[in-house]
Amino acid sequence: MTDTSAPSNSLRYIAVEGPIGVGKTTLARRLAESFGSDLMLEAPLQNPFLEKFYANPAQAALSTQLYFLLQRTQQLQTLQQRDLFRPVCIADYLMEKDRLFAQVTLDRHELALYEQLYEHLTVDVPAPDLVIYLQAPVPVLYDRIMKRGVAAERSISKEYLQRLVDAYTDFFHRFESATLLIVNAASIDFANNASDYGQLLEFVGRLRGGRHYFNPLPLSSAAGGV
């Protein structure tokens with residue numbers, strides 16, 4: 001069902017970002033349902049190199065990253081042909097995350113090759129109007145990843161997650177390319193907690209440029225209690 005808390009007309013493309021296990025896809029799905037919008041999801045489990053990468057990062061990092069680069073640029077380039085009157089598009093990734101992961105996982109020579117391809121392939125990739133960046137500490141991310149039980153993710157280490165969290169923190173500290181909403185997602189359950197999600201949806205509907213921060217109020221406070 002489409003929600004009446006639709007985003008501003010200036011928000012035609014919203015990207016949800018954050019490290020593995022933080023809840024990007026769950027939130028993107030809910031936003032797309034609420035706004036009656038198109039949904040664009042990355043498909044990591046389609047990457048035939050991913051399980052090998054988690055088991056042996058040095059051996060499979062470049063092939064894994066190049067597959068993702070091609071997959072993501074092909075998806076995002078379709079936005080260039082979209083009708084301006086079609087609904088807002090919600091994605092569960094930002095194109096720049098591909099480069100962020102490459103910088104974490106590739107060695108110097110691999111990264112130099114990757115950067116050449118990245119610059120060539122992303123020329124026509126559109127930028128989002130709003131980025132929702134979900135944050136959570138490594139123990140929370142690791143616990144969520146282990147609980148969802150995806151076979152390819154069983155080899156993910158806390159050390160790797162920490163490097164990703166640090167890379168995301170640095171990237172978004174300097175991010176100025178779009179309206180940015182930073183969400184403390186450590187204790188938020190967007191799938192099952194109607195209060196948390198409702199507050200976020202209302203907050204997004206009011207955004208007008210700049211950098212913003214969201215922490216859900218306790219249920220009693222959100223309902224007007226003291």
Roughly what would the spin-label model give for Gln74 and Ala55, points 7 Å off Cα along C-beta, in nm? 2.5
Only helices counted: for the chain, with every DSSP H run of 4 or more residues adding -39500 (n - 2.57) and the sum spread over all residues, [θ] at 222 nm is -14500 deg cm²/dmol
Using only the alpha-carbon atoms, how far is helix 96-105 inclined from the longest principal axis of the chain? Give it as 0 to 90 degrees, nearest 10. 40
Taking the Cα atoms only, what angle lies between the long axis of helix 24-35 and the longest principal axis of the chain, rounded to 10 degrees? 40
When only C-alpha pairs under 8 Å and at least 6 residues apart count, what is the relative contact order of the stretch 13-222, in percent? 29
Against the longest alpha carbon principal axis of the chain, how many degrees, from 0 to 90 and to the nearest 10, is the axis of helix 108-121 turned? 60
Which ordering of Tyr133, Tyr67 is given by a fewest-first count of other beta-carbon atoms within 10 Å? Tyr67, Tyr133
Excluding Leu121 itself, calculate the net charge of residues whose Cβ lies under 12 Å from the Cβ of Leu121, where each Lys or Arg counts +1 and each Asp or Glu counts -1. -2
Which of Tyr213, Tyr114 has the fewest Cβ neighbours within 10 Å, and the rest in rising order: Tyr213, Tyr114
Charge sum, other residues only, whose C-beta stays under 11 Å from Leu94's C-beta, Lys/Arg counted +1 and Asp/Glu -1: -1
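Bear in mind that the values in this text are calculations on the coordinates, not laboratory data. Note that the structure is a prediction, hence the values are computed from the model and not measured. Quick reminder, even Gly has a Cβ in these numbers, built from the backbone with ideal geometry, and neighbours come from all protein chains shown.
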